[in-house]
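The values are calculated or read from the model by the stated rules, or taken from the named source; none is laboratory data. Note that the coordinates shown come from a computational prediction; the quantities given were computed from them, not determined experimentally. Here the Cβ is made from the backbone with ideal geometry for all residues, glycine too, and neighbour counts use every protein chain on show. All accessible areas refer to the heavy atoms of the entire protein, side chains included, with ligands and DNA or RNA removed. Shrake-Rupley method; radii C 1.70, N 1.55, O 1.52, S 1.80 Å.
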Amino acid sequence: MRDAVIVDAVRTPIAKGKAGGAYHDIHPVTLHAHVLRALAERNALDPAEIDDVIGGTVGQVGEQSLNNTRLAALAAGFPESVPGVTVDRQCGSSQQALSFAAQGVVAGAYDLVIASGVEWMSRVPIGSSAYVDGTRADVGGPDIAQRYDGGLIPQGVSAELIARKWGFSRAQLDEFSAISHQRAADAWRNGYFASQIAAVNGLAADETVRPGTTAEILGNLRTAFADPRWERRFGAIDWKVTAGNSSPVNDGAAALMVTSSANADKHGWRPRARIHTATVVGDDPILMLTGIIPATAKVLDRAGLKVSDIDAFEVNEAFASVVLAWQAETGADLAKVNVDGGAIALGHPLGASGARLATTLLNVLERTGGRYGLQTMCEAGGTANATIVERLDV
């Protein structure tokens with residue numbers, strides 16, 4: 001049976017997703033094209049051999065609309081024969097792109113495909129696609145409002161409900177977040193990210209890592225989502241979620257080169273990892289961000305592995321409460337989770353984050369000598385992806 005292997009992975013540094021951020025004046029198609037071009041150059045890849053480019057983007061509106069992945073392939077200078085498609089599974093979009101790429105290779109539909117993602121939140125803010133003429137659209141409609149007693153809620157409120165359900169204190173959320181910054185700062189100081197970065201216009205490091213961050217400093221930030229209407233709906237909430245224990249808004253792009261072992265051998269490429277197992281689940285769309293718990297259980301079951309078999313985890317840090325709830329339910333060792341820092345420090349360019357997690361995970365496995373890595377991503381609407389990769393030079 002054919003397999004699907006990752007030959008290489010690359011990402012941009014992650015920039016602040018606001019005016020003054022390093023990529024504010026760089027078009028998202030240009031940013032996306034940058035990692036596609038870098039992947040081809042790093043591997044002496046003839047782009048004419050690429051069967052497809054599958055890219056993730058959440059805000060598919062404005063400059064990120066009209067299938068930006070196809071436009072990025074053209075902007076990268078790839079032949080016009082190279083197609084591209086843009087997928088939206090919210091924050092898991094580029095992780096889903098990686099799954100689709102692997103499925104296509106295993107099925108024989110592709111010999112070589114790039115899985116990628118981009119998000120340009122400085123100019124296409126989160127939620128932009130839900131607005132028409134400045135007014136937020138009713139994206140769920142009356143049936144969703146009826147089924148969920150008033151409709152869906154903001155992710156930050158979901159993060160608060162998770163903190164309440166699992167009994168996490170504000171101090172626990174802030175301590176976890178401070179550790180994310182410390183780990184990311186240490187990883188940059190030690191040069192761990194160097195091999196995965198394609199610098200953009202002189203930016204060679206992530207903009208949102210704050211080396212001096214402590215739990216005490218984070219403890220001084222005000223809560224971000226407190227609102228009486230949510231307490232009327234859900235009961236009393238001891239508000240704890242802040243900008244400091246949540247991921248920031250960011251710009252960035254990432255890409256992975258996926259092929260079969262046979263095709264890699266043919267071209268003299270050394271596969272870095274095999275995409276062992278991938279899955280996606282649906283979960284409660286009100287708690288919304290807890291899907292990573294059943295997704296992890298499902299992917300481990302399908303892989304025939306246990307939590308203890310996994311050498312490194314990348315769990316997207318949309319909010320500190322999400323990762324802590326996942327750890328409480330899975331029993332995973334936090335010392336193996338986001339060892340180079342997570343999205344709270346590194347940033348969360350939505351459509352690129354799944355590919356960024358995979359890129360980081362490959363490098364962690366290679367550096368530590370681990371065999372199995374698991375990444376999982378919570379997503380708006382109550383879905384979640386989970387993927388296990390197996391390092392091949394074990």
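I'd like to know how the stretch 298-389 sits against the 2.2 N^0.38 Å rule of thumb: what's its Cα Rg over that expected value?
Values: Rg = 12.2 Å, N = 92, 2.2 N^0.38 = 12.3 Å.
Taking N as the residue count of the stretch 298-389, the ratio is 1.00.
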So what's the angle, to the nearest 10 degrees on a 0 to 90 scale, between helix 170-189 and the longest Cα principal axis of the chain? 30 degrees
Rh_Kirkwood(the stretch 170-253) over Cα pairs, Å, one decimal, evaluates to 15.0 Å
Using θ = phi - 60° and Karplus 6.51 cos²θ - 1.76 cosθ + 1.60, couplings along the stretch 334-345 (whole Hz; Gly, Pro as x): 4, 5, 9, 9, 6, 5, 9, x, x, 5, 4, 9
Asserting the computed 222 nm helical MRE of the chain (DSSP H runs at least 4 long, -39500 (n - 2.57) per run, divided by residue count, to nearest 500) equals -10500 deg cm²/dmol
Percent accessible area from carbon and sulfur atoms, the chain, protein chains only, probe 1.4 Å: 50 percent
Given backbone amide H placed at 1.01 Å from N, residues whose amide H is under 5 Å from that of residue 91, ignoring those fewer than 5 places away on the same chain, are 380
What's the ranking of 12-24, 35-47 by average number of surrounding C-beta atoms within 10 Å, highest first? 12-24, 35-47
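For residue 19 and residue 143 in the same chain, what is the full-extension length gain: residue separation times 0.36 nm, less their Cα-Cα distance, in nm?
Values: separation 124, 0.36 × 124 = 44.64 nm, distance 3.81 nm.
Result: 40.8 nm gained on full extension.
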Below 10 angstrom from the Cβ of residue 154, what's the summed charge of the other residues (Lys, Arg +1; Asp, Glu -1)? -2
With angles folded into 0 to 90 degrees, how steeply does helix 292-303 sit against the dominant principal axis of the chain? Use alpha carbons for both and round to 10. 40 degrees
How about residue 336: which lysines have a C-alpha closer than 30 Å to its C-alpha, ignoring those fewer than 8 places off in the same chain? 16, 165, 240, 298, 306
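Only Lys, Arg, Asp and Glu count, each charged at its Cβ (+1, +1, -1, -1), so figure out the dipole size of the chain about its Cα centre, rounded to 20 debye. It would help to have the intermediate numbers written out before the result.
Values: 34 positive and 43 negative charges, 91 e Å.
The dipole of the chain has a size of about 440 debye.
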On a straight-distance basis, which lysines could pair with residue 266 in a cross-link, Cα separation under 16 angstrom, same-chain partners fewer than 8 positions away excluded? none
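Work out the length of the dipole vector of the stretch 177-232 about its Cα centre, built from +1 on the beta-carbon of each Lys and Arg and -1 on the beta-carbon of each Asp and Glu, and round it to the nearest 20 debye. Let's see the in-between values first.
Working: 6 positive and 6 negative charges, 19 e Å.
That gives the stretch 177-232 a dipole magnitude of about 100 debye.
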Bin width 10 Å, alpha-carbon pairs only: give the P(r) of the stretch 33-89 as whole percents, running from 0 to the bin holding the largest distance. 25, 54, 19, 1
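In the stretch 124-184, how does Rg compare with the Kirkwood Rh, expressed as the Rg/Rh ratio over alpha carbon atoms?
Across the stretch 124-184, the Cα-based Rg/Rh ratio is 1.14.
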What distance in nm separates the simple spin-label points at residue 80 and residue 199, each placed 7 Å from Cα in the Cβ direction? 3.6 nm
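Rg(Cα) of the stretch 282-341 divided by 2.2 N^0.38 Å? Kindly include the intermediate steps, with their values, before the conclusion.
Working: Rg = 11.4 Å, N = 60, 2.2 N^0.38 = 10.4 Å.
Relative to the rule-of-thumb radius for its length, the stretch 282-341 sits at 1.09.
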Which three extents, in whole angstrom, do the alpha-carbon atoms of the chain cover along their principal axes, largest first? 62, 50, 42
Diffing the stretch 305-310: the Karplus 3J(HN,Hα) column from phi (6.51, -1.76, 1.60, θ = phi - 60°), in whole Hz with x for Gly and Pro, holds 10, 10, 3, 5, 7, 7
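Over every pair of different alpha-carbon atoms in the stretch 151-193, take the mean of 1/r and invert it; report that Kirkwood radius in Å.
Working: mean 1/r = 0.0810 Å⁻¹.
That comes to 12.4 Å for the stretch 151-193.
Assign unit charges at the C-beta atoms only (+1 for Lys and Arg, -1 for Asp and Glu), then state the dipole size of the stretch 43-97 relative to its Cα centre in Debye, rounded to the nearest 20. Each step should come with its number before you reach the end.
Working: 2 positive and 7 negative charges, 48 e Å.
I would put it at about 240 debye.
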Among 17, 57, 35 the positive-end extreme of the charge dipole of the stretch 1-81 (Cβ point charges): 17
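Tell me the volume per residue, in Å³, of the convex hull enclosing the alpha carbons of the stretch 179-338.
Numbers: hull volume 28.0 nm³, N = 160.
Taking the convex hull of the Cα positions in the stretch 179-338, it is 175 Å³ per residue.
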What list of ³J(HN,Hα) values in whole Hz, one per residue of the stretch 71-83 in order, does the Karplus curve 6.51 cos²θ - 1.76 cosθ + 1.60 (θ = phi - 60°) give from phi, with Gly and Pro shown as x? 5, 5, 4, 5, 5, 6, x, 5, x, 4, 6, 7, x
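Net charge around residue 57, counting only other residues with Cβ within less than 10 Å of its Cβ (Lys, Arg = +1; Asp, Glu = -1)?
Values: positive: none; negative: 88, 119.
Once all neighbours under 10 Å are counted, the net charge is -2.
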Using only Cα atoms, tell me the angle between helix 28-42 and the longest principal axis of the chain; keep it within 0 to 90° and round to the nearest 10. 40 degrees
Pair residue 234, residue 132: separation of 7 Å Cα→Cβ label points (nm): 2.9 nm
Taking N as its residue count, the alpha carbon Rg of the stretch 79-184 over 2.2 N^0.38 Å: 1.51
